[in-house]
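Here, each number is a calculation from the coordinates, and none is a lab measurement. Note that this is a predicted model, so its numbers are computed, not measured. Here the Cβ is made from the backbone with ideal geometry for all residues, glycine too, and neighbour counts use every protein chain on show.
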């Protein structure tokens, strides 16, 4: 996002926010792994980071919905004010922040236990049922709305292919749409498994947790680098520049050391 060509486009701004959510999942992965490895939740950090992860997961789904709206507007040529997306984003951030704060209160219980690979609600708390139902229905509604948006886009693209209509920058739009569809597929399968099927076997929960982390940390970066030539070129340019800088610094340090050694030798000869 340091380049203006990405900051100017709403889709890349949304993808950067999704990427930031995914980066903040890393502490939850580390703390959760430490909790299960030591069989002890040190200072309650495992439970705290699991609350962060749960809210980031829902926030990412809502950001993906706004990205779907952006794709729908661009590809289908809908005309409506861009501030609509801003309002939806503000509601998403406010809603998830409110849910997160409620999880920190003594009236809502959401805990992680060593040896159990899925966090769960403590329904002995008075408002745990309310928060759990709000989260479940809002999350599934978000995924359903996202599915509806992508279904509309696919139908429109089929119609365009059969007709004579033309979409500007269709190749780039198709790449972004493909990335979003793959991520949505992962999100939908995991959401249905967690909220509707609700597996009780601990091994299945373990693989679900791994899939959640894999989906959040690896799927998007790999898809972006594989599908977007410009992003891949920018990434390789940064990598090459860093490597060149390291080599130049090392070479300069070596030359400086050799020069100092030569001066010391000449001084000894005198």
### Message
Quick check: residue separation of residue 158 and residue 91 times 0.36 nm, minus the Cα distance between them. What number comes out in nm?
### Response
20.8 nm
### Query
For residue 80 and residue 182 in one chain, what is 0.36 nm times their gap in residues minus the Cα-Cα distance, to one decimal in nm?
34.0 nm
#### Entry: Order of 187, 201 under a 10 Å beta carbon neighbour criterion, fewest first
201, 187
### Query
Between residue 113 and residue 20, what FRET efficiency follows from the Cβ-Cβ distance if R0 is 35 Å, with the result rounded to 0.05?
0.75
### Least to most buried among 204, 74 (fewest other Cβ within 10 Å first)
204, 74
### Message
Per-residue counts of other Cβ atoms within 10 Å, averaged by peptide: what ranking do you get for 63-71, 134-142, 34-42, highest first?
### Response
63-71, 134-142, 34-42
#### Entry: Taking 83, 129 and counting other C-beta atoms within 10 Å, the order from fewest to most
83, 129
